[in-house]
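These notes are about the structure you will find just below.
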Amino acid sequence: MFEEYLFSQGFDDDGDFLPLMTIDEESEPGSGETYPDHLPLIALKNTVLFPGIVIPITVGRDRSINAINKAYAEDRLVAVLAQRDQKEENPSKEDLYAVGTVARILKLLKMPDGTTTAILQGRKRFVLNELLEEEKLLLGSVEILEYQKAEDQLEFEAIMSSVMDLAKKIIELSPNIPSEAVVMLSNISNKISLLNFIASNIGAKIVIKQSILEESNLIEKSKKILSEMNNELQLLELKDKIENKVRGDIEKQQRDYFLNQQLKTIQEELGQNPQEEEVHKLSEGAKKKKWSKTVSDFFQKELKRLRRINPQVAEYSVQMNYLELLLDLPWNEFSEDNFDLRNVKEVLDEDHFGLEKVKERILEHLAVLKLKGDMKAPILCLVGPPGVGKTSLGRSVARSLGREFIRMSLGGLHDESEIRGHRKTYIGAMPGRIIQSLKRAGTSNPVFILDEIDKVGKDFRGDPSSALLEVLDPEQNTTFHDNYLELEYDLSKVMFIATANSLNTIQPALLDRMEIIEISGYSQEEKVEIAKRHLIPKQLEEHGLEQEHVNLTNEILNKVVEEYTRESGVRSLNRQIGSLMRFVAKSVAMEEPYNQTLKVEELSDILGPRKYSSEMYQAVNKPGVAIGLAWTPVGGDILFIESSLSKGKGKLTLTGNLGDVMKESATTALTYLKSHCDELGIDASVFTEKDMHIHIPQGAIPKDGPSAGITMLSALTSAFSKRLIKPYMAMTGEITLRGKVLPVGGIKEKLLAARRVGMTDIILCKENEKHVREIKPEYLNGMKLHYVEEMSEVLELALEN
């Protein structure tokens, strides 16, 4: 009796092998039967027949047909061997494996297409000893093989148990094997039959199946089968995992699609269509915009494109975002300027103390705008040290004009697309920060601060400073092109205010497009005034204090500025005032007694020992030391120029981390001194008998520039003539070999620094007098300014008789 077990794998032989079958027998197939020594032989191309297995084969080759017919006519027994090379049509003994299976022909069928199909049942294994005939059919001398009994029966039972467990798992995971196969496996009681059945059905190569067939040791045979089953199980588990993931993804997509279709149908039944509503909103919004015909036509074209896109496609949301941006941008929408110039001046003065040049320039622009009604906005660049209020001035300007305020920090910016945006075709594309900022502002004429424009970077992603050329050029920014927007946008009404600490790192072409306004540092008086008007009220509010809790007198503020800060701006001063406020806040919160009017003596307890002192700048009591004035990024400072003579051969040594220009100034001063030694009463021989050493203290700080020229000459003259430099005398100016004194920059910062440390006499070039006039006279109280044109005048003023 046969029980069928169907697999979907097909075989090709001598034809196609259809589903495999096995028989239910309690003993090993073929046991107790006798077989002739000579049997007809057929060769199978791509499978191995095992004992106990029933397979149908389609016989096509002439020798195989003759062998089947001969066997069927006699005792229906045929020897079946697997071919080593499937392409060989007429195999010899060398082309066949030596071990095969004796099969019984159960049925022979003539098919309608003329082919012959034989149903074979494997019975016993054999080994081919000799091939007796090869012409009309294959006839071989065979010897029947028997299995060796398992020596360790317990091990064999354990392996068979594992084989059964794996077989059940494989059946469970394989989509092509029916679950009833588990029952059928359980009904095969003979273990050899079970092993043969499983071996014939695993998806192993012919070579592996042949090795299993040839194995007579049952334990080794079962181990080989177990190993192949493990491989097949791993493959099935991986395949199942992949299929489950793919199935889950597909099911989610189908579910989403199905739900969307249902939602769409329900909305249509209710007379709703969200996509159509969105498009309608865009269309209605477009009617309210004040844009040009070009922009309007472009918008309508893109809107039609949106209608053609399936809402389920990702491109739909990209197109929707683009159209929403076009609608949100303030095309030709402007805020109304405040033309009450007196009010504007009051607001600017209220928010910022000083900065007269900037305020004056803004008032001039408003005055022209008021008279003419239309004018391109100026592009200003405020250059000055940190902490002087460049950035906060922009907010004040916006408030005074009644405009929106935008701040865009350019510090460390490397990517050009931050300015111009990305093209729409890129995933995650967005407009540049200029367009984004205008969208947020809601008007096309805001005050736009470009902060730290001197710190823009440059790398392989592009040069943002070059992209800013178009933004900051009044002749080009009427048609600013953003890569994402793909339309020209007018930036000419935007008031751009750039800020920078230095002009050296700004690209020359960019610098040429901006109106440079230099902001110098604050004087001590200005800092005190700023503290009283702005910093103290702000710190009181931040620390939860009232006006009556603390009183900071002018004396206290002056002391803090002099001894605890050294800067051009007021950031450090603000921090020190914050420290005072925290001291008061702690006393108030803990209900401790304290002086509401703080005294100078208490400063060292609250802020620590003083950080800076002006006394060190006054103790000049030996020849060869002069005081120069220097400009630094954080304001002005004084500079000691020390010179000394020693026995030698006239060598000049320069120390103090000096730059090339400063070294050249020293050489020029020495040459001038040598050529005018007679006039100055200096013995010429001293220049060959003495070595000269010029040193500028604070060697860790690089120093350069021509402004120390007259100071170096004064120091050298003092050293050679043994005449002291007058006390509290400072100077700045460039020199020439002809003895001329040339003008230098940073005059305000230098004079404020000189006054800060108590200098009373300052020597300047005559041409610097125009710069001094720009400084408020009260900031120069207590200082006498001497204007010179010749070096002889400098020495006459600087040296004591």
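Summary of values
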quantity	calculated
The stretch 569-587 residues that are open to solvent by less than 10 Å² (accessible area, probe 1.4 Å), paired with ones that are of a type in the set (D, E, K, R) and modelled with pLDDT under 90 (beta carbon under 8 Å, 6 or more apart)	LEU573/LYS527; LEU573/GLU567; GLY578/GLU542; MET581/GLU542
Residue count, the stretch 131-151 (criterion: of a type in the set (D, E, K, R) and modelled with pLDDT of 85 or more)	2
Qualifying residue in the stretch 46-68 (condition: closer than 23 Å to ASN196 by Cβ, under 60 Å from the mean Cα position of the chain (by Cα) and of a type in the set (Val, Ile, Thr))	yes
Positions within the stretch 665-687 being within 53 Å of the chain's Cα centre (by Cα) and more than 20 Å from LEU799 (Cβ to Cβ), in sequence order	THR667
Pair list, Cβ under 9 Å, 6 or more apart: the stretch 62-88 residue touching a residue at least 12 places away in the same chain (Cβ under 8 Å) and part of a strand (DSSP E or B), other residue exposed (fewer than 15 other Cβ atoms within 10 Å of the Cβ) and not charged (D, E, K, R)	LEU77/PRO36; LEU81/ALA98
Number of positions in the stretch 195-218 that are open to solvent by 10 Å² or more (accessible area, probe 1.4 Å), aliphatic (A, V, I, L, M) and in a helix (DSSP H, G or I)	5
Residues being surrounded by fewer than 19 Cβ atoms within 10 Å (Cβ to Cβ) and part of a loop (DSSP other than H, G, I, E, B) - total across the stretch 388-409	1
Of the criteria (1) outside any strand (DSSP E or B); (2) open to solvent by less than 80 Å² (accessible area, probe 1.4 Å), which one GLU146 fails	(2)
Failed item, numbered, when GLU542 is tested on (1) open to solvent by less than 60 Å² (accessible area, probe 1.4 Å); (2) farther than 15 Å from LEU598 by Cα	(1)
Of all residues in the stretch 588-600 being of a type outside the set (Val, Ile, Thr) and farther than 18 Å from LEU557 by Cα, the one that is least open to solvent (accessible area, probe 1.4 Å)	TYR594
Single residue of the stretch 152-163 satisfying the filter (within 60 Å of the chain's Cα centre (by Cα) and loosely packed, with under 14 Cβ neighbours inside 10 Å) that is modelled with the lowest pLDDT	SER161
Considering residues of the stretch 647-674 that are small (Gly, Ala, Ser) and at pLDDT 90 or above only, the residue surrounded by the fewest Cβ atoms within 10 Å (Cβ to Cβ)	ALA666
In the stretch 240-259, the residues that are open to solvent by 70 Å² or more (accessible area, probe 1.4 Å) and under 17 Å from GLN312 (Cβ atoms)	ASP249, ILE250, GLU251, LYS252, GLN253, GLN254, ARG255, TYR257, PHE258, LEU259
Given (1) among the acidic types (Asp, Glu); (2) at pLDDT 85 or above; (3) within 21 Å of ASN201 (Cα to Cα), number of the condition ASP14 does not satisfy	(2)
Residue match in the stretch 166-182 (condition: loosely packed, with under 11 Cβ neighbours inside 10 Å, in a helix (DSSP H, G or I) and within 59 Å of the chain's Cα centre (by Cα))	no
Close pairs (8 angstrom Cβ cut-off, 6 or more residues apart or separate chains): assigned to a helix (DSSP H, G or I) in the stretch 496-513, not polar (S, T, N, Q) anywhere	ALA509/LEU469; LEU510/ILE453; LEU510/LEU468; LEU510/LEU469; LEU510/LEU472; LEU511/CYS381; LEU511/LEU503
Helices (runs of 4 or more DSSP H) completely within the stretch 688-797 that count 1 or more residues being under 51 Å from the mean Cα position of the chain (by Cα) and closer than 26 Å to GLY648 by Cβ	709-721
Tally of residues being part of a loop (DSSP other than H, G, I, E, B), in contact with a helix residue (DSSP H, G or I) (Cβ under 8 Å, 6 or more places away or on another chain) and either closer than 30 Å to LYS359 by Cβ or open to solvent by 20 Å² or more (accessible area, probe 1.4 Å) (or both) across the stretch 289-345	10
Near pairs, Cβ below 6 angstrom, 6+ apart or cross-chain, from the stretch 219-234 (on the phi < 0 side of the Ramachandran plot and crowded, with 17+ Cβ neighbours inside 10 Å) to any residue that is modelled with pLDDT of 85 or more and not in a helix (DSSP H, G or I)	LYS221/GLU215
Residues of the stretch 99-117 classified as surrounded by 12 or more Cβ atoms within 10 Å (Cβ to Cβ) and among the charged types (D, E, K, R), total	2
Matching residues, the stretch 555-568, being farther than 18 Å from ASP605 by Cβ, assigned to a helix (DSSP H, G or I) and open to solvent by less than 10 Å² (accessible area, probe 1.4 Å)	VAL561
Cβ pairs under 6 Å, 6+ apart, first in the stretch 416-430 and free of Cβ contacts under 8 Å to residues at least 60 places away in the same chain, second surrounded by 11 or more Cβ atoms within 10 Å (Cβ to Cβ) and among the hydrophobic types (A, V, I, L, M, F, W, C)	GLU416/ALA467; ILE419/ALA467
Residue among GLU800, GLU790, GLU767, GLU796 that alone is in contact with an Asp or Glu (Cβ under 9 Å, 6 or more places away or on another chain) and surrounded by fewer than 15 Cβ atoms within 10 Å (Cβ to Cβ)	GLU767
Selected residue (only one of ASP683, ASP691, ASP678, ASP704 is of a type in the set (Asp, Glu), surrounded by fewer than 16 Cβ atoms within 10 Å (Cβ to Cβ) and under 29 Å from GLY384 (Cα atoms))	ASP704
Count of the stretch 736-750 residues which are farther than 13 Å from TRP631 by Cβ and buried (at least 24 other Cβ atoms within 10 Å of the Cβ)	1
Sole residue being touching a Ser or Thr at 6+ places or on another chain (Cβ under 8 Å), in a helix (DSSP H, G or I), of a type in the set (A, V, I, L, M) and modelled with pLDDT of 85 or more, chosen from LEU226, LEU238	LEU226
Selection from the stretch 436-487 of residues that are of a type in the set (D, E, K, R), more than 25 Å from GLU302 (Cβ to Cβ) and part of a loop (DSSP other than H, G, I, E, B)	GLU452, LYS458, ARG461, ASP463, ASP473, GLU475
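So that you can scan it fast, the table gives a plain yes or no per residue for (1) within 38 Å of the chain's Cα centre (by Cα); (2) outside any strand (DSSP E or B); (3) at pLDDT below 80:
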position	(1), (2), (3)
GLU350	no, yes, no
LEU371	no, yes, no
MET375	no, yes, yes
PRO386	yes, yes, no
GLY411	yes, yes, no
ASP415	yes, yes, yes
ILE419	yes, yes, no
MET430	yes, yes, no
ILE434	yes, yes, no
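The values are calculated or read from the model by the stated rules, or taken from the named source; none is laboratory data. Just so you know, these numbers come straight off a predicted model, no measurement behind them. Because the Cβ atoms are built from the backbone with ideal geometry, glycine has one as well, and the counts that use them run over all protein chains shown. Calculation scope for accessible area: heavy atoms of the full protein, side chains included, ligands and nucleic acids excluded. Shrake-Rupley method; radii C 1.70, N 1.55, O 1.52, S 1.80 Å.
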